[in-house]
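These notes are about the structure you will find just below.
Bear in mind these aren't lab numbers, they're just calculated from the coordinates by the rules spelled out. Nothing here was measured: the structure is a model prediction, and the numbers come from that model. All Cβ positions, glycine included, derive from the backbone under ideal geometry; neighbour counts span all protein chains shown.
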Amino acid sequence: MVDASVPPFAHSVASQRERDIARMRDCLQLARVAGDDVPIAAVVVDGGGAVIGRGVNRRERDGDPTAHAEVLALREAGRARRAWNLGDCTLYVTLEPCTMCAGALVLARVQRVVFGAWDEKAGACGSLRDVPRDRRLNHRPEVQGGVLEGECSALLREFFGGL
Ligand SMILES: [Zn+2]
């Protein structure tokens, strides 16, 4: 879906920030259907603003250690595109990606990664390590952390508080 409210010349920092916040709200809504899994969700948006991939953490449901929201969203986007290269895409996710997911984002050549809450224990986009900005790798996505950080971390706190 192309956002008609954004004129083509208005790719300013402010309008990008507004788009980031709107997409993060989509992720938050998606994360609420995670059931028994830790509520984490991701969406992939293409260069034209269309959502081409969605993912919700399914590790418990699928008994799959790799079923993280980001990986599932990248897989859906790749299927939609019939291509692994998502070079014009932005991935939004409610929690800082782990080492596996940060690696997958580099492999998919995504242009930007936008996340909500920081994950000091396992985050690989600036916390524990910084995979997207590792100069030894052949692709370095732009990273924006802390978008709707309060709401994203509150969702996780509610989940763990309710166990
Ligand atoms: Zn992950």
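Points worth noting:
- Charge sum, other residues only, whose C-beta stays under 12 Å from residue 94's C-beta, Lys/Arg counted +1 and Asp/Glu -1: -3
- Charged neighbours of residue 32, selected by a Cβ distance under 12 Å, balance to -3 (K, R count +1; D, E count -1).
- By DSSP, the beta bridges lying fully in segment 73-163 are antiparallel in about 10 percent of cases.
- Residue-wise HN-Hα coupling along segment 76-82, computed from phi with Karplus coefficients 6.51, -1.76, 1.60 (Hz; x: Gly, Pro): 5, 5, x, 5, 4, 8, 6
- Whole-Å distance, taken between Cα centres, linking segment 83-106 and segment 14-44: 14
- The residues 84, 118, when put in order of fewest to most other Cβ atoms within 10 Å, stand as 84, 118.
- Amide H partners (placed H, <5 Å) of residue 123, local residues excluded: 128
- Residues with amide H under 5 Å from that of residue 94, placed H, sequence gap 5 or more: 41, 116
- Fully extending the segment from residue 21 to residue 159, taken as 0.36 nm per residue of separation minus the present Cα-Cα distance, adds 47.5 nm.
- Our coupling estimate for segment 147-156, obtained by passing each phi through the Karplus curve with A = 6.51, B = -1.76, C = 1.60 and θ = phi - 60°, is 7, 6, 3, x, 5, 5, 6, 5, 4, 5 Hz, Gly and Pro reported as x.
- Here the sum of -39500 (n - 2.57) over DSSP H runs of 4 or more residues, divided by the residues of the chain, equals -11000 deg cm²/dmol at 222 nm, to the nearest 500.
- Backbone HN-Hα couplings from phi across segment 116-132 [Karplus 6.51/-1.76/1.60, Hz, Gly and Pro as x]: x, 7, 7, 10, 5, 7, 9, x, 10, 10, x, 8, 6, 8, 9, 5, x
- Remark: 21, 52, 40 ranked as 21, 52, 40, counting other beta-carbon atoms within 10 Å and listing the fewest first.
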